[in-house]
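Participant: For reference, the structure I am asking about is given below.
The values are calculated or read from the model by the stated rules, or taken from the named source; none is laboratory data. In this text the structure is predicted, and so the values were computed from the model without any measurement. Cβ atoms come from the backbone with ideal geometry, glycine included; neighbour counts cover every protein chain shown. Ligands, DNA and RNA are stripped out before the accessible areas are found, and what is left, the full protein with its side chains, is counted by its heavy atoms. Shrake-Rupley method; radii C 1.70, N 1.55, O 1.52, S 1.80 Å.
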Amino acid sequence: VRGRLERDDGGRRLVVFDNVDTPDALDRYLPSIGNTKVLITTNRQEFASMGGVVPVEVRMFTKTRGLAFLREATGLPDSDDAVALGEALGWLPLGLAQAAALIKQDKLSYRGYLTALDGERLDDALARLGTEHPGVLKATQLSLARLRREDPGGDAVRLLTVLSLLSPDGVSRALLAKAEPALSLKRGLARALHTLGAWSLITLAGPEADEH
């Protein structure tokens with residue numbers, strides 16, 4: 001594979017090494033010649049000192065970008081409450097996406113969502129995670145509570161439980177389709193995936209993302 005990546009034949013190739021723990025783990029895989037583009041995602045700073053690496057730091061949303069995201073995702077105008085929501089979620093994209101999905105689904109105002117978020121209490125196990133932004137955990141907890149209410153058949157929650165035990169790097173639809181009979185989903189796999197995607201509890205990717 002490395003030999004293929006090192007070909008200088010004018011072809012366009014991109015290789016992604018996702019969530020890498022140590023630079024040494026990649027030494028024998030990285031092409032040293034050719035025109036293949038390599039993208040490495042990691043939270044380890046050692047990669048910044050590797051030769052030929054151009055580090056790109058990924059930060060949380062700025063206030064301006066976060067407000068623009070909320071405005072586009074919810075259809076609501078900017079306000080002091082929108083700023084308060086962003087600050088409560090640390091301007092983290094994951095928390096903002098879940099908040100925006102629930103606001104849109106339940107037709108809430110920013111103030112209404114903030115009130116609901118403030119009413120959430122984290123149990124001891126979640127509190128011990130030590131996150132700098134507990135509001136994001138509360139947002140997820142709030143979305144799950146609303147999901148249980150809106151999905152009385154339990155298909156989406158059942159599927160989400162299964163997904164939580166599988167690879168965090170992604171699970172193919174083909175694998176889920178094979179397991180569908182054992183999942184006992186009353187309204188089918190596609191509907192459950194669509195529901196979880198609409199609530200921003202999973203990310204749908206690939207050619208079927210728009211379809212499901």
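Participant: Looking only at region 43-64, filter to residues that are of a type in the set (D, E, K, R) and under 20 Å from the mean Cα position of the chain (by Cα); which one of those is surrounded by the most Cβ atoms within 10 Å (Cβ to Cβ)? Walk me through it before giving the result.
Facilitator: Step one: filter region 43-64 for residues of a type in the set (D, E, K, R), giving 44, 46, 57, 59, 63.
When the remaining residues are screened for being under 20 Å from the mean Cα position of the chain (by Cα), the result is 44, 57, 59, 63.
On the way: R44: 11, E57: 6, R59: 8, K63: 13.
Going through the qualifying residues, I end up with K63.
Participant: Hey, another quick one. Pairs please, first residue from region 65-94 and within 16 Å of K107 (Cβ to Cβ) and open to solvent by 50 Å² or more (accessible area, probe 1.4 Å), second anywhere and among the basic types (K, R) and part of a helix (DSSP H, G or I), Cβ atoms under 7 Å, 6+ apart in sequence or on different chains.
Facilitator: Listed by first residue and then by second, the contacts come to P77/R71.
Participant: Is there a residue in region 29-42 that is in a helix (DSSP H, G or I) and open to solvent by 90 Å² or more (accessible area, probe 1.4 Å)?
Facilitator: First, pick out the residues of region 29-42 that are in a helix (DSSP H, G or I): none.
No, region 29-42 contains no residue that is in a helix (DSSP H, G or I) and open to solvent by 90 Å² or more (accessible area, probe 1.4 Å).
Participant: Then there's this: Of all residues in region 52-94, how many are part of a helix (DSSP H, G or I), modelled with pLDDT under 90 and touching a Leu at 6+ places or on another chain (Cβ under 6 Å)?
Facilitator: Of the residues in region 52-94, 0 are part of a helix (DSSP H, G or I), modelled with pLDDT under 90 and touching a Leu at 6+ places or on another chain (Cβ under 6 Å).
Participant: Only residues that are touching a helix residue (DSSP H, G or I) at 6+ places or on another chain (Cβ under 9 Å) and either open to solvent by 90 Å² or more (accessible area, probe 1.4 Å) or within 17 Å of G52 (Cα to Cα) (or both): list them for region 1-19, please.
Facilitator: V15, F17
Participant: Among all residue pairs at least 6 apart or on different chains, which show Cβ distances below 7 Å where the first residue, located in region 149-178, is farther than 16 Å from L201 by Cα and the second is open to solvent by less than 60 Å² (accessible area, probe 1.4 Å) and aliphatic (A, V, I, L, M)?
Facilitator: The qualifying pairs are L176/L189; A177/L189.
Participant: How many residues, within region 171-187, are open to solvent by 50 Å² or more (accessible area, probe 1.4 Å) and either outside any helix (DSSP H, G or I) or among the hydroxyl-bearing types (S, T, Y) (or both)?
Facilitator: Of the residues in that region, 4 qualify.
Participant: Return the residues of region 108-135 that are assigned to a helix (DSSP H, G or I), at pLDDT below 85 and within 16 Å of L96 (Cα to Cα); say none if nothing qualifies.
Facilitator: Residues of region 108-135 assigned to a helix (DSSP H, G or I): 110-118, 124-127, 134-135.
Checking which are at pLDDT below 85 leaves us with 124-127, 134-135.
If the condition is that a residue be assigned to a helix (DSSP H, G or I), at pLDDT below 85 and within 16 Å of L96 (Cα to Cα), then P134, G135 are the ones that fit.
Participant: On to the next question. Would it be correct to say that T22 is closer than 23 Å to G170 by Cα, in contact with an Asp or Glu (Cβ under 9 Å, 6 or more places away or on another chain) and surrounded by 12 or more Cβ atoms within 10 Å (Cβ to Cβ)?
Facilitator: Working: closer than 23 Å to G170 by Cα: yes; in contact with an Asp or Glu (Cβ under 9 Å, 6 or more places away or on another chain): yes; surrounded by 12 or more Cβ atoms within 10 Å (Cβ to Cβ): no.
It is false that T22 is closer than 23 Å to G170 by Cα, in contact with an Asp or Glu (Cβ under 9 Å, 6 or more places away or on another chain) and surrounded by 12 or more Cβ atoms within 10 Å (Cβ to Cβ).
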